Amino acid sequence: MSTLTFLGHDAFTVEHEGNHLVFDPFISGNPVATVDPTVIKADFVLLTHGHGDHLGDGIEIAKANDAVVIAPFELATYCGNRGCEVHPMHIGGSHEFAFGRVKLTIAHHGSGADLGGDALAYMGNPCGFLLTLGGKTIYHAGDTGLFLDMKLIGELNSIDIALLPIGDNFTMGIDDAVRAVDFLKPKLVVPMHYNTFEVIQSDPKDFKEKVEQKGVHVRILKAGESMDF
């Protein structure tokens with residue numbers, strides 16, 4: 001049995017056989033987060049891209065826990081230069097870790113860290129993650145627009161849980177995310193990246209209704225809520 005916990009925005013934890021994984025731990029400054037980042041346990045920190053609301057507390061959490069940062073090469077290098085242990089990867093690549101398999105997918109978005117003033121650190125390509133552990137596969141899409149290769153991702157992988165953004169403006173909105181479900185064919189969908197800020201206000205119940213009309217179950221998680229899988 002594994003446990004998925006939603007921390008708000010795009011941030012999740014996964015616990016599996018004593019391993020603690022954290023995705024995009026944007027906690028400090030996250031108005032919907034309910035957890036103190038200093039108490040988060042992590043053996044691995046998975047980062048989809050370098051924007052502040054995704055990199056978030058990742059470096060601090062990784063260093064406090066002696067955790068390994070898994071991220072696209074440029075972002076992993078940035079974290080490594082700041083004292084983190086890192087495992088750099090890139091899109092299309094996969095690797096077997098002690099807890100399971102990680103594969104990086106494309107994501108149509110940007111990636112960079114605002115260093116203040118006119119300085120912006122280049123972080124390479126953004127990504128999504130396919131995480132397979134305990135015989136189950138989770139797809140964390142990261143921040144992305146709809147793209148046709150989601151159909152290929154769905155054909156090549158039996159996705160148990162898809163974590164999909166629905167907040168629009170920076171990512172897919174509800175209707176595009178519904179189409180993504182058609183492409184991916186997951187067993188369960190958890191919406192993310194909505195209602196954190198005014199500009200990404202979106203109704204997850206509307207998304208749930210539209211997706212469940214297609215026979216796919218949707219689980220709306222509140223920040224701090226967990227589910228077993």
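Just to be sure I understand, how many residues within the stretch 139-195 are under 15 Å from the mean Cα position of the chain (by Cα) and β-branched (Val, Ile, Thr)?
7
Among 124, 134, which is touching a residue at least 24 places away in the same chain (Cβ under 8 Å), small (Gly, Ala, Ser) and over 25 Å from residue 81 (Cβ atoms)?
Going through 124, 134 in turn, the sole match is 134.
Within 22 Å of residue 33 (Cβ to Cβ), of a type outside the set (D, E, K, R) and touching a residue at least 12 places away in the same chain (Cβ under 8 Å): which single residue out of 167, 173, 145, 154 fits that description?
167 is the lone residue from the list that is within 22 Å of residue 33 (Cβ to Cβ), of a type outside the set (D, E, K, R) and touching a residue at least 12 places away in the same chain (Cβ under 8 Å).
Read-outs: derived from the displayed coordinates by stated rules, not from any lab. In this text the structure is predicted, and so the values were computed from the model without any measurement. Please note: Cβ atoms are built from the backbone with ideal geometry, for glycine as well, and neighbour counts cover all protein chains shown.
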